[in-house]
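Some notes on the structure that comes next.
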Amino acid sequence: MPLPQVVIDTNVIVAGLRSRRGSAFQLLTLIDTGQFDIHLSVPLVLEYTEVLLRELPNLCLSREEVDDLIDFYCAVGVQHEIFFLWRPFLRDPKDEMVLVRSPIL
């Protein structure tokens with residue numbers, strides 16, 4: 001049976017790093033356990049980095065730990081190149097990179 005294919009939105013990562021009590025944290029702990037594959041693109045990784053660095057005061061992580069976390073996601077994730085032939089129009093334009101990533105999965 002094929003593994004579930006997952007694109008993790010940035011707010012899920014932030015929520016999981018802020019609290020160990022929720023489902024976001026549980027999802028993050030399952031990355032690289034063989035239960036699902038995570039899918040990434042360059043714009044998505046850049047957003048992860050930007051938001052996590054902005055949220056550093058609210059997280060119990062250093063900048064180096066954020067860099068290590070991003071490196072880990074890149075190492076275990078399935079990378080995709082995105083060709084922007086059309087763009088959806090979502091309320092949050094930064095969510096478009098998640099939507100663009102999803103039809104291929």
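Any read-out appearing in this document is the output of simple, stated calculations on the displayed coordinates, not a laboratory observation. As the structure is a prediction and not an experimental result, all values here were calculated from the model. Because the Cβ atoms are built from the backbone with ideal geometry, glycine has one as well, and the counts that use them run over all protein chains shown.
Count charges around Leu30 for me, please; just the other residues with Cβ under 14 Å from its Cβ, Lys/Arg as +1, Asp/Glu as -1.
Residues near Leu30 contribute -1 overall.
Between rounded, prolate and oblate, where does the range 1-67 land on the alpha carbon gyration tensor, with a ≥ b ≥ c its root eigenvalues, rounded for a/c under 1.5, else prolate if a/b exceeds b/c?
Numbers: a/c = 2.31, a/b = 1.45, b/c = 1.60.
Since a/c reaches 1.5 but b/c is at least a/b, the shape of the range 1-67 is classed as oblate.
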The range 9-21 - phi-based ³J(HN,Hα) in whole Hz, Karplus 6.51/-1.76/1.60, Gly and Pro as x: 6, 4, 5, 5, 5, 4, 4, x, 7, 7, 9, 8, 8
